[in-house]
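Asks: One structure coming up, written as C-alpha cells, with questions to follow.
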Amino acid sequence: EVTWELHVRTLGWFGFGFSSNGNMRGADIMTAWVKNGHLFLQDRHGIGDTRPPLDDHADWRPLYARENDTHTIVVVARDINTCDPQDFLLTNETVRLIYAWSEEDPADGSEPNYHGQKRGNRFALVLLPFHRPEASKDLQTWKIRQKMTLPRGQDTFYWCHIEKIPKWEKKHHYVGFDMIYGQNTRAHLHHAVAFECKTKDGSSEKDVYEKYVGHQGYECYTPNMPPDFFLCEKFLINWAVGSEGELLPEQVGVPLGSLHGGSDYLLFQTHYDNKPLIQDLTVEWGMDIYYTDKLREQEAGNMALGHSIVFSLTVPPRLPYWLTSGHCPSACTSAGIPEEGINVFMVFLHAHYLARAIRLRHFRDGKELKPLAVDSYFDPDFQQSRKLSEEVKVLPGDHLTV
C-alpha cells in the first residue's frame, strides 16, 4: 500500500488522484473534506471533463483528518493494486498527480461543486520518494554555474565546456547532485550531462585539458569544438528536464580523479531549447555536486544503452506508431562486463519529444527476463532517474535492448 499525507490550503473540499496524461478521462480520483470534525472521503473515476462519478467500490482508507484555521489535512492509504478496473494500478512508471480544490464544502453534503481554475498537476513516480536530495552533513559540495545567452535564429543549441574537479590528496567518491534552477532554466534547458575526459594513449590529462579550464566553451559538434572534446564520452552525471537531481544509495559511490579510476576533467554538454526563437534569451543554471572522502562500500559507474543518433533513426511520415530498438548484444556484454557480473540499482530513461514509451529489456540464454525498467507513459518533460526496488544482476553474455 501507499500512504499519502495531504495538506491543502482550503477549508472546503479538495480532489487528488492519478492520471497517465494529466487529463480527467481515465483518472483515478478521491475527493475529501472535513466538516464539524468529520471526514468525508469519496472514491471516484474520471470519464471526461465533467464531475467524476463515484466508484462502485471505495478503496481509499482514512487514517487521519483535521482542519486548522487555514488548511485541511488528510492522511489516507490505498493498495498499490486494488484489482478494481475503475482504479489506477500504481507502478514506477511516469504518472501525473492531479489535484483541485474549492473554498467551500459541498452544499448538499455529498457532491462537490465545480472547482473552476483551482486545479493543477505534477509529474511523479508514485512508488519512489521525491528525489530532491537532502545531502547529509558529511558530504562536500562542488558548485558548477553557467550563464548562457542563446544565439539568435537557433531553436536548439548545444554548448560544451570543461570543468576541473577539486584537487585532493586522498580518494573521493561522487555520490549525487542537486539541480539549481535559475533564470529561464525550466523553460529552456533540456539537459545537462557531465562526461569524464580521458586521453587516447593514457598520457597526462593535464597536458590535454588544462588549457580549456576557465574557457567559456564552444558550440558542441561543430568545426570550432576542439577535437580533444570528443575523447570525453564516459557518463558521470545525467540531468534532463523535469529532474530535481539524484543521490546514490548510501553504500555506493563513483571514484573521482585520474589517480583513483576516474578523471580530473569533466565535459559539460548542455542542450538548450528556444522553440519560439526569443531574441537575446539568457539561461542561468547550476549544479551542486556532492562528494565525500568517507569512501562507500561499493563503487559504481554508468552504462549507456540505446539507439545511436544516426540517419537510420528516422520516423516515416503519417504513422500513428513507430518502434525503435537499440541493442547491446551478448558479445558486447561479454567484452565489457566482468565475470561476476554487475548489479544495476538505478535506471535513467532518456528520449526527446517524439518518445511515448520506453522499455529496457533483459535476455539471458535466449530467454527474456523481467525488464529492468518500463515506462508506458514516458513524458520527455519528466526525466528522473529511477532507483530499482531490487538490484538486478547483469552477467557477461546477457543481451539488453532499449
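Asks: Residues being outside any strand (DSSP E or B) and among the basic types (Lys, Arg): count how many of those fall in the stretch 342-366. Walk me through how you get there before you give the answer.
Replies: First, pick out the residues of the stretch 342-366 that are outside any strand (DSSP E or B): 348-357, 365-366.
The next check asks that each one be among the basic types (Lys, Arg); those that pass are 356.
Matching residues across the stretch 342-366 total 1.
Asks: Here is a follow-up. Is it the case that residue 168 is outside any strand (DSSP E or B), of a type outside the set (Lys, Arg) and touching a Gly at 6+ places or on another chain (Cβ under 7 Å)?
Replies: For residue 168, the condition - outside any strand (DSSP E or B), of a type outside the set (Lys, Arg) and touching a Gly at 6+ places or on another chain (Cβ under 7 Å) - is met.
Asks: From the set of residues in the stretch 33-71 that are open to solvent by less than 10 Å² (accessible area, probe 1.4 Å) and over 30 Å from the mean Cα position of the chain (by Cα), which is farthest from residue 90 (Cα to Cα)?
Replies: In this case the residue turns out to be 34.
Asks: Right, something else. Just give me the residues in the stretch 99-108 being open to solvent by 30 Å² or more (accessible area, probe 1.4 Å) and in contact (Cβ under 8 Å) with a residue 40 or more places away in the chain, in sequence order.
Replies: Matches in the stretch 99-108: 99, 101, 103, 104, 105.
Asks: Checking residue 17 against (1) crowded, with 22+ Cβ neighbours inside 10 Å; (2) assigned to a loop (DSSP other than H, G, I, E, B): exactly one of these is not met. Which one?
Replies: Condition not satisfied by residue 17: (2).
Asks: Can you run down the residue pairs with Cβ atoms below 9 Å, 6 or more apart or on separate chains, where the first is in the stretch 307-320 and closer than 15 Å to residue 356 by Cα and the partner is assigned to a loop (DSSP other than H, G, I, E, B) and open to solvent by 100 Å² or more (accessible area, probe 1.4 Å)?
Replies: Listed pairs, sorted by first residue: 315/322; 315/354.
Asks: Same structure again: One residue is enough: does the stretch 235-255 have a residue meeting the conditions farther than 26 Å from residue 372 by Cα and touching a Leu at 6+ places or on another chain (Cβ under 8 Å)?
Replies: no
Yes/no per residue for (1) of a type in the set (A, V, I, L, M, F, W, C); (2) open to solvent by 20 Å² or more (accessible area, probe 1.4 Å):
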{"residue": "97", "(1), (2)": "yes, no"}
{"residue": "114", "(1), (2)": "no, yes"}
{"residue": "137", "(1), (2)": "no, yes"}
{"residue": "145", "(1), (2)": "no, yes"}
{"residue": "149", "(1), (2)": "no, yes"}
{"residue": "155", "(1), (2)": "no, yes"}
{"residue": "161", "(1), (2)": "no, no"}
{"residue": "173", "(1), (2)": "no, no"}
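Asks: May I pose another question? Under 8 Å between Cβ atoms, which residue pairs at least 6 apart in sequence (or on different chains) link something in the stretch 273-287 that is within 23 Å of residue 352 (Cβ to Cβ) with a partner that is among the acidic types (Asp, Glu) and not in a loop (DSSP other than H, G, I, E, B)?
Replies: 287/178
Asks: Also, I was wondering about something else. State yes or no: is residue 93 open to solvent by 50 Å² or more (accessible area, probe 1.4 Å) and in contact (Cβ under 8 Å) with a residue 60 or more places away in the chain? So that I can check it myself, show each step before the final result.
Replies: Details: open to solvent by 50 Å² or more (accessible area, probe 1.4 Å): no; in contact (Cβ under 8 Å) with a residue 60 or more places away in the chain: yes.
For residue 93, the condition - open to solvent by 50 Å² or more (accessible area, probe 1.4 Å) and in contact (Cβ under 8 Å) with a residue 60 or more places away in the chain - is not met.
Asks: Out of everything in the stretch 204-241 that is under 22 Å from residue 254 (Cα atoms) and hydroxyl-bearing (Ser, Thr, Tyr), what residue ends up being most open to solvent (accessible area, probe 1.4 Å)?
Replies: Once the filter is applied, the top-ranked residue is 204.
Asks: Within the stretch 375-402, can you find the residues that are open to solvent by 20 Å² or more (accessible area, probe 1.4 Å), under 23 Å from residue 309 (Cβ atoms) and in a strand (DSSP E or B)?
Replies: 399
Asks: With the checklist (1) of a type in the set (S, T, N, Q); (2) farther than 21 Å from residue 255 by Cα; (3) surrounded by fewer than 16 Cβ atoms within 10 Å (Cβ to Cβ) in hand, flag the one item residue 330 doesn't pass.
Replies: (3)
Asks: Which of the numbered conditions does residue 246 fail, given that it passes all the others? Conditions: (1) over 15 Å from residue 199 (Cα atoms); (2) acidic (Asp, Glu); (3) out of contact with any Ser or Thr (no Cβ under 6 Å at 6 or more places or on another chain).
Replies: Only one criterion is unmet by residue 246, namely (3).
Asks: Taking the stretch 250-259 as the search range and keeping residues that are surrounded by fewer than 18 Cβ atoms within 10 Å (Cβ to Cβ) and modelled with pLDDT under 90, which one is farthest from residue 389 (Cα to Cα)?
Replies: 259
Asks: Next up: Here is a list of conditions, (1) open to solvent by 60 Å² or more (accessible area, probe 1.4 Å); (2) modelled with pLDDT of 95 or more, and residue 315 meets all of them except one; can you say which number that is?
Replies: (2)
The values are calculated or read from the model by the stated rules, or taken from the named source; none is laboratory data. Owing to the predicted nature of the structure, the values given are computational and were not obtained by experimental measurement. We place every Cβ from the backbone using ideal geometry, glycine too, and count neighbours over all the protein chains shown. SASA here: full protein model, heavy atoms, side chains in, ligands and nucleic acids out. Shrake-Rupley method; radii C 1.70, N 1.55, O 1.52, S 1.80 Å.
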